[in-house]
Amino acid sequence: MARRGIVSTDDFEALPEFIGEHIGQQKAWNSVARILAIIAGWQSGKTVIGPPLLRREIQRRGPGDYAALAPTYPLLANKLLPELRRWLDPYFELKKADNVFVIRPGADLKIWGKAADEPTRILLRHTDNSDAVEAFTAKALLADEPGQMADEIWEAMQARCAVNQGRLILTSRPYRSNFLVKEIWDKRFEDPDIEVVNFRSIDNPAFPESEYERQKRLLPPWKFLMKHDGIPTKPAGVIYDIVDRERHGVPRFTIPANWTRYAFIDFGNNNTAALKVAEELREGLKPRYFIYSAYHPGDRRSASGEDGHVARLKKGEPMTPLGVGGSHQEDGWRDSWSAAGMPVKEPPINRIDEQIAQAYELFADDRLFIFSDLSEVWDEIGDYAWPVDENGEVVRDDRPENDAIFHLMAALRYGAAFVNPPKVRRTVELKFY
């Protein structure tokens with residue numbers, strides 16, 4: 001590859017030298033779409049094209065605010081920031097304390113051929129906290145690895161660029177079924193404002209063909225497609241494969257005050273989580289259930305007290321939700337929550353796979369629905385899967401892969417086993433494929 005770096009000051013919009021023979025990067029550079037999504041494989045050269053594209057937008061759109069986002073601070077500091085510095089020096093100076101690039105004195109004459117009539121900044125943000133993408137108006141925005149970002153970040157990004165109809169440049173490989181897949185990849189042929197540029201790791205002239213073929217042999221097909229071809233797929237072994245946003249997602253509505261409320265709970269010292277669920281009774285039919293709130297503070301606190309778990313879950317409710325949760329070994333947790341003002345029942349069955357089967361049955365019977373705006377719930381459902389072996393085959397196991405980190409899914413299976421208990425105790429035959 002040719003040297004990366006700043007082009008001459010009299011040719012600010014020039015095609016970057018490093019693109020060379022990379023057809024995918026050339027296509028991205030030539031795109032005129034307002035929403036340009038470069039969804040590509042690992043080490044394919046997607047991140048390095050983002051900063052020069054943003055720099056060109058600055059030259060075209062003129063002085064004002066711009067933004068560059070990454071999902072976490074380490075990814076911002078270690079991956080995106082070095083590429084931005086390559087392309088913004090010597091025109092912009094990084095103010096580390098404020099996480100912002102500001103234009104250097106006299107650089108406006110080199111960029112636009114005249115003195116700027118307003119300040120120009122490039123705001124650096126990481127999206128661990130959605131508030132980081134608030135309170136500014138941008139003329140263009142670059143997001144690196146948005147495949148790792150929450151759905152509400154996409155709404156915030158569009159809002160930041162709405163006034164100026166600013167361009168959104170996204171560079172990522174697919175990770176899970178978040179907005180990058182649902183709102184961009186899936187709509188790439190129907191929305192005239194969207195262009196998706198897809199290329200593989202091997203399309204980068206610097207990526208060894210032998211390594212590409214080696215990874216193809218080693219990885220499960222679905223993982224290889226996502227990691228090295230940049231093509232979104234559903235992971236093998238996904239547990240709630242039947243769950244679909246169109247079928248099981250519902251717009252938020254006001255829950256009638258007389259509906260029974262539940263709190264499906266997963267206990268923990270640092271990761272207590274709960275789903276608030278409303279039960280709709282239907283004459284002559286089985287009840288339906290609506291997940292209307294997700295609770296996952298991610299900190300250490302007790303069940304009792306004015307700011308404890310119970311007080312938080314009861315806030316705004318017309319009645320105290322009936323708690324359900326925990327394994328058969330967690331009577332201590334249930335007792336402490338009951339003492340704090342929320343009775344908590346133990347699920348009638350203890351096997352994880354049997355509990356999952358009862359939740360699956362509710363979805364299959366169209367009796368369990370999720371409010372569409374609960375992004376953390378949707379993310380966990382999409383990623384919750386059985387383990388796979390080195391050949392990509394699903395392992396027949398009674399415990400999902402990384403089950404300990406899926407706190408909302410644990411809460412779901414506890415509650416589903418309670419509201420939808422099996423008529424007879426049985427070993428459930430789950431789908432493994």
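The values are calculated or read from the model by the stated rules, or taken from the named source; none is laboratory data. This structure is a prediction, so every number in the text was calculated from the model and none was measured. All Cβ positions, even for glycine, are placed from backbone atoms using ideal geometry, and neighbour counts span all protein chains on display. For accessibility, only protein heavy atoms count, side chains too; no ligands or nucleic acids. Shrake-Rupley method; radii C 1.70, N 1.55, O 1.52, S 1.80 Å.
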Open item on the list: For a quick check, take a GNM of the chain with Cα springs below 10 Å and name the residue from ILE291, ILE405, ILE169 with the largest mean-square fluctuation.
Closed with: ILE405
Task: All-pairs alpha carbon distance profile, the chain, 10 Å steps from 0, percent - done: 4, 19, 25, 22, 17, 10, 3, 0
Open item on the list: Sort 24-30, 110-116, 334-340 by the packing proxy (mean of other Cβ within 10 Å over each peptide's residues), most packed first.
Closed with: 24-30, 334-340, 110-116
Task: At 1.306 mPa s and 10 °C, Stokes diffusion of segment 178-284 via Kirkwood alpha-carbon radius, µm² per second - done: 85
TODO: Could you list which residues have their amide H under 5 Å from that of ILE231, counting only those 5 or more apart in sequence or on another chain, with H placed in the peptide plane?
DONE: MET226
Task: Nearest-ten-degree value, helix 151-162 long axis tilted from longest Cα axis of the chain - done: 40
Task: If the convex hull is drawn through the Cα atoms of segment 251-326, its volume per residue in Å³ - done: 98
Task: Label-point separation in nm, MET319 to ASP398, each point 7 Å along Cα→Cβ - done: 3.4
Open item on the list: Explain nothing, just compute: Karplus ³J(HN,Hα) = 6.51 cos²θ - 1.76 cosθ + 1.60, θ = phi - 60°, for every residue of segment 177-192 in order, whole Hz, x for Gly and Pro.
Closed with: 8, 9, 4, 4, 7, 6, 9, 10, 4, 5, 10, 5, 9, 10, 9, x
TODO: Treat each spin label as a single point 7 Å out from the Cα along the C-beta direction, and report the LYS96 to THR260 distance in nm.
DONE: 5.9
Task: Calculated log₁₀ intensity ratio I(q)/I(0) where the Debye formula runs over C-alpha points of segment 151-240, q = 0.13 Å⁻¹ - done: -0.56
- [ ] Kindly write out, for segment 113-127 in residue order, the coupling ³J(HN,Hα) from the Karplus curve 6.51 cos²θ - 1.76 cosθ + 1.60 (θ = phi - 60°), rounded to whole Hz, with x marking Gly and Pro.
- [x] x, 7, 6, 6, 9, 7, x, 10, 10, 10, 7, 9, 9, 10, 9
Open item on the list: I need to check one value: relative contact order of segment 127-208, counting alpha carbon pairs closer than 8 Å and at least 6 residues apart, in percent.
Closed with: 28
TODO: Could you list which residues have their amide H under 5 Å from that of VAL197, counting only those 5 or more apart in sequence or on another chain, with H placed in the peptide plane?
DONE: ALA37, ILE38, ILE39
- [ ] At 20 °C and 1.002 mPa s, grab the translational diffusion coefficient of segment 279-388 from Stokes-Einstein with a Kirkwood Rh over Cα pairs, rounded to a whole number in µm² per second.
- [x] 133
- [ ] Please list the non-local residues whose amide H lies under 5 Å from the amide H of ARG104, H modeled 1.01 Å from N, same-chain partners needing a gap of 5 or more.
- [x] PHE92, GLU93
Task: Two-site FRET efficiency, ILE242 against LEU281, from Cβ-Cβ distance with R₀ of 22 Å, rounded to 0.05 - done: 0.35
Task: Helix-derived mean residue ellipticity, 222 nm - over the chain, DSSP H n ≥ 4, -39500 (n - 2.57), to 500 - done: -8000 deg cm²/dmol
Task: Taking all pairs of distinct alpha-carbon atoms in segment 21-167, Kirkwood radius in angstrom - done: 15.6
- [ ] Could you please tell me the mean projected area of the C-alpha convex hull for segment 297-346, averaged over all directions and given in square nanometres to one decimal?
- [x] 3.6
Open item on the list: Quick check on my link table: of LYS27/LYS79; LYS110/LYS227; LYS79/LYS139, which ones sit more than 32 Å apart, alpha carbon to alpha carbon?
Closed with: LYS110/LYS227
Open item on the list: Cβ neighbours within 10 Å, averaged per peptide: list 406-417, 320-331, 373-384 in order, most packed at the top.
Closed with: 406-417, 373-384, 320-331
Task: Relative contact order of segment 268-307, pairs being alpha-carbon contacts under 8 Å that are 6 or more residues apart, as % - done: 46
Task: Evaluated over segment 72-131, the Cα radius of gyration and Dmax, each in Å - done: 13.0, 38
Task: Under the Karplus curve 6.51 cos²θ - 1.76 cosθ + 1.60, θ = phi - 60°, whole-Hz ³J(HN,Hα) for segment 238-252, x wherever Gly or Pro sits - done: 4, 6, 9, 5, 7, 6, 9, 4, 5, 7, 10, x, 10, x, 4
Open item on the list: Below 8 Å, C-alpha to C-alpha, sequence gap of six or more: please give me the relative contact order for the chain in percent.
Closed with: 15
Open item on the list: Ignoring ligands, DNA and RNA, please state the percent of accessible area on the chain from carbon and sulfur, probe 1.4 Å.
Closed with: 47
